[in-house]
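These notes concern the structure reproduced below.
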Amino acid sequence: GNRVTFSLVADGNIVYDYRETIAPDANGEKMIDDSGFQNFMIDAIDVIRRRGYVDIRIIGESNIYDGYPLVFSFYNEVDIFVRR
């Protein structure tokens, strides 16, 4: 019955709204891999390319009151092309 809703906001104007139910696996993790998140990360990486960093805010709420924190980790596979 736990519920979590959140949005990711990068650079103040790049937004991803997660609207599904989070159902953690046996490790207590939930991987998000949909086209909306992928597009969000593509836009965030473009900001990194231009500026060298990006600020990502997580805005949300939950009804989980067991005292444990929600932990968000971002993992990305990035192909880099270097030219001279």
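Summary table below
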| quantity | calculated |
| --- | --- |
| Loop sites in segment 1-57: trypsin sites (Lys or Arg not before Pro), DSSP, at most 12 other Cβ within 10 Å | 3, 19 |
| Heavy-atom accessible surface of segment 1-55: percent carbon and sulfur, 1.4 Å | 46 percent |
| Within the chain, helix-based [θ] at 222 nm, where runs of 4 or more DSSP H residues each add -39,500 (n - 2.57), nearest 500 | -7000 deg cm²/dmol |
| Derived scalar couplings ³J(HN,Hα) [segment 57-62; Karplus, 6.51 cos²θ - 1.76 cosθ + 1.60; whole Hz; x for Gly, Pro] | 9, 10, 10, x, 8, 8 |
| In nm, spacing of pseudo-spin labels at residue 81 and residue 64 (7 Å Cα→C-beta vector) | 4.0 nm |
| Accessible area expressed per residue, the chain, with surrounding protein chains retained (probe 1.4 Å, Å²) | 85 Å² |
| Taking the convex hull of Cα positions in the chain, its mean projected area over all directions (nm²) | 7.1 nm² |
| Separation of the residue 45 and residue 73 label points, Cα + 7 Å toward Cβ, nm | 2.0 nm |
| Sparse-neighbourhood loop sites, GluC sites (Glu not before Pro) in the chain - DSSP loop, at most 11 other Cβ within 10 angstrom | 20, 29, 77 |
| Degrees between helix 35-51 axis and first principal axis of the chain (Cα, 0 to 90, nearest 10) | 50 degrees |
| Residue 4 long-range amide H proximity, modeled H, under 5 Å | 22 |
| At R0 = 41 Å, FRET efficiency that the Cβ-Cβ distance of residue 26 and residue 55 yields, to 0.05 | 0.80 |
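The values are calculated or read from the model by the stated rules, or taken from the named source; none is laboratory data. Since we're looking at a predicted model, the values are computed, not measured. All Cβ positions, glycine included, derive from the backbone under ideal geometry; neighbour counts span all protein chains shown. When the accessible area is computed, the model is the full protein with side chains, heavy atoms only, and any ligands, DNA or RNA have been set aside. Shrake-Rupley method; radii C 1.70, N 1.55, O 1.52, S 1.80 Å.
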